[in-house]
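So the structure is just underneath, and the comments pick up after that.
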Amino acid sequence: MTWAPTEIRPGDIGAEPSVDGLLDHLRSNATLDKQLVEAKALVFRGFHVPENGLAGVLDLVLPDRLAYVHGNTPRTKVGENVYTSTEYPPEFTISMHNEMSYAHQWPSRLFFYCAVAPTTGGATPVVDGTAWLAALDDEVRERFLPGVRYTQNLHSGVGFGKSWQATFETEDRDQVEEFLAGNEADWEWKADGGLRITQHRRAVTEHPVTGELVWFNQADQWHVEALDRETAEAMLEILAEDEMPQTVSFADGSPIPAADVIQVRDRGLDVAVNVDWHAGDLMLIDNVAVGHGRRPFSGPRRVLVAMS
C-alpha cells in the first residue's frame with residue numbers, strides 16, 4: 001500500500017470548521033506526537049484558518065520555533081520564526097529534500113500553512129524517506145553510504161547566492177564562527193569578505209523513534225546538475241565549480257556522477273505524493289521521516305513555513 005499523509009477534517013474529529021475548532025482539538029489531543037510519528041505527515045483541511053489566526057496554532061504544534069539560521073534558500077521572515085516557503089521561480093520544480101539535512105542539527109518538525117492557494121499546480125509533494133531509499137539502485141546507495149561533503153561560498157553582500165549575513169541573520173563574524181564551531185563545520189574567511197564553509201554529513205540516517213533507515217541528504221540540490229542547463233552553463237563561464245554558491249562531493253572529496261544525482265532527484269519525485277493546497281490548509285510533517293518539495297504553479301501562491 002502506497003504511503004500518504006493522514007488528512008484530518010472537522011467532521012473526522014467532531015470539531016467546528018474554524019480555527020477555534022482546530023485549537024480546541026489540538027489542546028485536547030495528548031497523542032499528537034505519537035500520531036505524527038505513526039502517520040509521518042498530518043494535513044488539516046477545512047478549518048479555514050486565517051493568517052491572523054496562525055500564531056495560536058503554531059504555539060500548540062511548534063512551541064519552540066527555530067530561526068532559519070544557516071538555511072541555504074531565499075525566504076522572507078514574516079513573523080516570530082515564520083517564513084515564506086522557498087522563493088524560487090514558479091515555473092520550476094523544487095526537488096525532494098529534508099529541511100536542513102546538510103546541517104549538524106536539523107528541525108524535527110516542519111509546519112506548512114497555505115495563506116493563498118495557487119491558481120494552478122503548486123502542490124507540496126511529500127515522500128516517505130524509506131520509500132525514497134528503496135527506490136534507488138543498489139550501487140547508487142552504496143556509493144553514498146560513507147556520506148557527503150557540502151561546500152558553501154557565501155558572499156559578503158554582492159555576488160551569486162546568499163550572503164553570509166543573510167544566511168546567519170547577523171553581521172557579527174564572531175557569532176557566525178561560534179555557530180559553525182558548534183556545528184562541526186570547517187570555514188575560512190576569504191579576501192573579498194566572503195565565507196567558505198565545508199561540512200561532512202551523512203547520506204542515510206536512522207529515525208530516532210522508529211529506527212527506520214531513510215534517505216537523508218541534499219546532494220542532488222547542491223550538485224551543479226540541480227541547476228537548469230542554461231543557468232549552470234552561464235555560472236560556470238564566470239565561476240570555477242569550487243567557487244559556486246554551493247557544491248557537493250562524496251565524503252572523500254571525489255565527484256558525484258551526474259547520473260547519480262539525477263537518479264536521486266527523479267526517483268524521489270516519482271515516489272512522492274502531492275499535497276494540493278486550499279487557503280487555510282495546514283500540514284505538519286516529521287522532517288526525518290518525510291522529504292518535501294514543490295511542484296510548478298501559476299498565480300499568487302503564498303505558503304508559510306515554520307520549524308522546530
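The values are calculated or read from the model by the stated rules, or taken from the named source; none is laboratory data. Note that this is a predicted model, so its numbers are computed, not measured. A quick note on method: Cβ atoms are made from the backbone with ideal geometry, for glycine too, and the neighbour counts reach across all protein chains shown.
Within region 181-221, the residues that satisfy the criterion of being within 24 Å of residue 142 (Cβ to Cβ) and among the basic types (Lys, Arg) are 201, 202. Being surrounded by fewer than 16 Cβ atoms within 10 Å (Cβ to Cβ) and not aromatic (Phe, Trp, Tyr) is a property that residue 191 has. Just one residue in the set 212, 233, 225 is in contact (Cβ under 8 Å) with a residue 60 or more places away in the chain and farther than 20 Å from residue 104 by Cβ; that residue is 212. Being buried (at least 20 other Cβ atoms within 10 Å of the Cβ), among the β-branched types (Val, Ile, Thr) and under 19 Å from residue 296 (Cβ atoms) holds for only one residue in 82, 148, 116, 126, and it is 126. For region 1-20, the tally of residues that are buried (at least 18 other Cβ atoms within 10 Å of the Cβ) and either free of Cβ contacts under 8 Å to residues at least 24 places away in the same chain or farther than 28 Å from residue 128 by Cα (or both) stands at 2. Counting only strands (runs of 3 or more DSSP E) that fall entirely inside region 133-212 and contain at least 2 residues that are of a type in the set (S, T, N, Q) and either touching a Pro at 6+ places or on another chain (Cβ under 7 Å) or not assigned by TED's automatic domain parsing to the domain that holds residue 76 (or both), the qualifying elements are 148-154, 195-201. In region 213-228 there is no residue matching the filter, namely being over 24 Å from residue 293 (Cα atoms) and either assigned to a loop (DSSP other than H, G, I, E, B) or modelled with pLDDT of 95 or more (or both). Against the conditions (1) part of a helix (DSSP H, G or I); (2) touching a residue at least 60 places away in the same chain (Cβ under 8 Å); (3) buried (at least 21 other Cβ atoms within 10 Å of the Cβ); (4) not acidic (Asp, Glu), residue 248 satisfies every one except (1).
Report whether or not residue 105 is closer than 26 Å to residue 304 by Cα and either in a strand (DSSP E or B) or touching an Asp or Glu at 6+ places or on another chain (Cβ under 9 Å) (or both). No.
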